[in-house]
Amino acid sequence: MLKNRLIIGSFLIIALSLACYLNSISNPFLFDDLTLIKENRSIKSLDRIFLPDENRLYFRPITSLTLWADHKLFGDNPAGYRGHNILLHIIASLLVFIFLYRLSGSYYLSLLSGMIFSSHPIHSEVINMIALGRGYLYATIFSLISMICYIQAKRGGSKVSTFLVYMISGIASIFSILSNEIGLLTPIFIIAYEFSYSEGSSIKDIIFNKRCWLILSLALTPLIFFRSFLFKILSWGIDGLDLGLRGVPYLMVRYLSLLALPIRLSAWYQGMEIPSSVFTLEAISSFAIIIGILFFIYRVRGSKELLFPSISLMVGIFVISMRIMGGAPSPMGERWAYLPSVWFSLLIPLLFERARTKKEGKGLGYMRNGILVSLLGLYMVLSAQRNFVWSDSYRFWLDTVSKAPKSAVARNNLGTKYLQENRIKEASNELVLAVSLDPEYAIAHNNLGIAMDRLDKLDEAIEEYKRAIQLYPRYDNAYINMGNTYHKKGELDKAIEAQKEAIRLKPDIYTAHYNLANIYRDKGLFNEAIIEYDEAIRLNPGHADSHNNLGVIYMKKGMIGRAMKEHKKTILLNLNHTPAHKNLALAYMQIKDYNNAILEFNEVLKRAKGDIDSHNLLAVIYLDHLRDIKNGLYHLKESLRLKPDQKEAAQIRERIKRLDQ
């Protein structure tokens with residue numbers, strides 16, 4: 001009977017999770033996923049999977065390994081990656097269900113807890129922010145496994161089996177840390193469990209509990225791989241402590257409010273106004289709320305079922321709120337609350353159960369159940385709505401800006417989206433706001449330079465690129481963009497210098513080689529241009545424009561065969577590459593292969609019906625070489641119809657007049 005109920009409960013949690021998050025499966029890569037997945041070469045091989053990041057601040061090999069596996073399986077298809085995250089969230093939700101069942105023995109309370117966790121809207125970020133969310137998902141899963149095993153081992157068994165289960169608990173704790181640093185909370189949660197459930201034990205007994213220290217020592221082992229992370233924490237200094245006193249209680253209350261009422265969720269909280277002093281109303285009221293919660297925890301100290309999740313929730317929220325002291329770009333992050341939200345999900349049904357009285361009538365029971373069902377329904381709707389926000393880059397950043405209007409990052413990314421949509425004026429407005437909010441934001445200065453270039457404000461564009469480079473001297477993209485603007489201005493020597501500097505900073509960046517080749521081409525240095533086009537193609541064999549432009553150079557040098565070869569490669573890479581079809585047609589004309597030239601010019605006209613040059617050249621082929629007056633006249637008349645005021649209009653009219661006679 002119990003087994004059947006557990007199976008039914010598991011299916012309900014799975015169904016609810018899918019109902020909440022399945023609509024996110026088709027969402028594209030957004031925000032950090034563009035760089036951490038789509039443009040990240042390190043996940044495309046195993047070379048750096050088991051090494052810390054360049055600054056030795058993080059060591060997340062399990063997360064990196066799973067992203068590598070996803071890349072092998074799904075390539076650049078975000079649906080596969082996000083499906084992986086949804087599956088992990090389902091597993092975490094089932095573990096929450098099992099965890100509370102192991103603690104309380106109550107099927108209905110455990111089921112409700114798992115359903116709250118599975119449907120909570122704050123979790124939409126770990127589902128949709130694939131790369132960063134992945135670490136929190138795995139860390140939470142391994143943390144729950146560690147705690148479930150610890151509780152199971154503590155309840156007894158043979159010495160050998162008990163020791164093995166303790167070891168599994170410790171290893172799971174290590175895996176949690178190797179997924180994300182939030183896993184460091186696992187040993188602390190186990191100590192909180194000992195404190196709550198060890199009746200008659202003193203603090204000293206708990207501190208020197210061998211089981212706790214076994215888990216703790218195993219879990220802390222990976223810290224040797226990212227010890228710089230600890231040094232950074234220790235270097236926060238007086239300013240960091242002052243910010244902590246003002247900001248940590250305030251952020252704790254904000255996190256708790258988002259867990260209790262998850263509205264106005266945002267992907268970025270930069271620009272949030274932290275209390276300027278501990279004596280402001282916000283700081284004092286935050287302190288008062290935290291003290292009230294701590295008083296509640298003290299009052300329920302006799303109820304181990306409430307004490308354990310209450311302590312764990314406050315510890316978890318406290319730790320993630322402390323990130324502000326380290327100068328995190330955004331003071332809050334919804335994904336950071338994923339592991340602490342486990343305790344919130346445990347507390348809600350336990351608190352409702354505690355509110356039950358022996359004399360309670362059916363009416364109150366129905367009301368309480370109605371509230372819980374309504375809460376789950378609200379969570380499901382809010383989760384689905386939040387996933388919809390992540391379904392489009394423009395919608396996503398517009399939503400983020402509306403909730404964090406003082407965020408330079410949000411303004412910059414919305415401006416970048418406007419640039420992609422060629423809404424240049426709107427882009428420049430957002431990017432000007434971004435650099436005014438954060439004058440030292442190099443990326444925003446670079447993007448503002450691109451906007452100024454598009455508005456033909458070339459000198460202003462160059463100044464923005466120079467400012468970006470001043471802030472970040474190794475900013476290769478700023479050098480590339482500055483070189484392009486110098487090229488546009490006709491200052492070719494400065495353009496060459498900028499592109500060469502980009503190549504010096506990042507030799508394998510094919511765009512700089514391609515741009516440098518274009519400059520050499522326009523300067524008449526064809527041999528140098530060929531070398532750079534060849535290098536761009538070596539670095540990116542699929543870059544169609546490099547093949548096409550290389551073909552143009554070969555044509556200029558009279559190397560028709562090589563030119564045709566490059567134009568054909570271009571068309572193989574991109575069938576709709578109109579310039580390549582046109583250049584190939586010109587090459588066919590050079591070798592007097594007029595039938596193939598006609599075919600290629602017709603391909604051009606399929607894609608660019610208003611191309612009068614193709615009509616004029618087709619007229620030349622038909623009239624001067626094939627003696628086909630009918631088709632020749634058609635193309636002359638079509639050219640004149642499309643552009644009556646073209647330079648050769650008088651000559652075309654005269655020729656049409658003669659042919660019509």
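The values are calculated or read from the model by the stated rules, or taken from the named source; none is laboratory data. Values in this document were obtained by computation on a predicted structure and should not be read as measured data. In this analysis, Cβ positions are derived from the backbone assuming ideal geometry, glycine residues included, and neighbour counts consider all displayed protein chains. Areas reflect the complete protein model, heavy atoms only, side chains present, ligands, DNA and RNA absent. Shrake-Rupley method; radii C 1.70, N 1.55, O 1.52, S 1.80 Å.
Taking 0.36 nm per residue of sequence separation and removing the Cα-Cα distance, the Asn540/Glu39 pair yields an extension gain of 179.0 nm.
Site pair Asp32 and Asn77 shows an inter-label distance of 2.6 nm when each label is modelled 7 Å from Cα along Cα→Cβ. Counting heavy atoms of the protein chains alone, Ser26 has an accessible area of about 100 Å² for a 1.4 Å probe. Could you work out how far helix 237-260 tilts from the main Cα principal axis of the chain, as a 0 to 90 degree angle to the nearest 10? Long axis of 237-260 versus the principal axis of the chain: about 80 degrees. Maximal additional length on extending the Tyr197-Glu463 stretch stands at 89.3 nm, based on 0.36 nm per residue less the C-alpha distance. Relative to the Cα centre, the charge distribution of the chain, modelled as +1 at Lys and Arg Cβ and -1 at Asp and Glu Cβ, gives a dipole magnitude of about 1840 debye. Ordered from highest to lowest accessible area with the whole protein assembly present and a 1.4 Å probe, Ile311, Ile317 read as Ile311, Ile317. Cross-link partners for Lys44 among the lysines, with Cα-Cα distance under 17 Å and sequence neighbours closer than 8 places in the same chain left out: Lys72.
Between Glu491 and Val300, the simple label model (points 7 Å from Cα in the Cβ direction) yields a spacing of 6.7 nm. Here the scattering of the range 479-627 is modelled by Debye summation over its C-alpha atoms, one equal scatterer each and no solvent; at q = 0.16 Å⁻¹ the log10 of I(q)/I(0) is -0.87.
The Cα-based radius of gyration and maximum Cα-Cα distance (Dmax) for the chain are 32.3, 116 Å. The order of Val432, Val278, Val604 by accessible area, most exposed first and with a 1.4 Å probe, is Val432, Val278, Val604. Summary of packing: across the peptides 187-194, 449-456, 68-75, the per-residue average of other C-beta atoms within 10 Å ranks them, highest first, as 187-194, 449-456, 68-75. Annotation: lysines with alpha-carbon distance below 26 angstrom to Lys488 (same-chain offsets under eight excluded): Lys417, Lys425, Lys457, Lys466, Lys500, Lys506, Lys523, Lys556, Lys557, Lys582, Lys647.
The relative contact order of the chain comes to 10 percent, based on Cα pairs under 8 Å that sit 6 or more residues apart. Taking packing as the residue-averaged number of other Cβ atoms within 10 angstrom, the listed peptides 532-545, 126-139 run from highest to lowest as 126-139, 532-545. Extent along the principal axes, Cα only, for the range 568-648: 35, 25, 19 Å, with the longest axis given first. Legend: residues Phe97, Phe175, sorted from most to least accessible area (1.4 Å probe; ligands, DNA and RNA excluded), read Phe175, Phe97. The Cα atoms of the range 95-193 cover 44, 33, 19 Å along the three principal axes, with the biggest extent listed first.
Counting 0.36 nm for each residue step from Ile274 to Asn595 and taking away their Cα separation leaves a gain of 108.3 nm.
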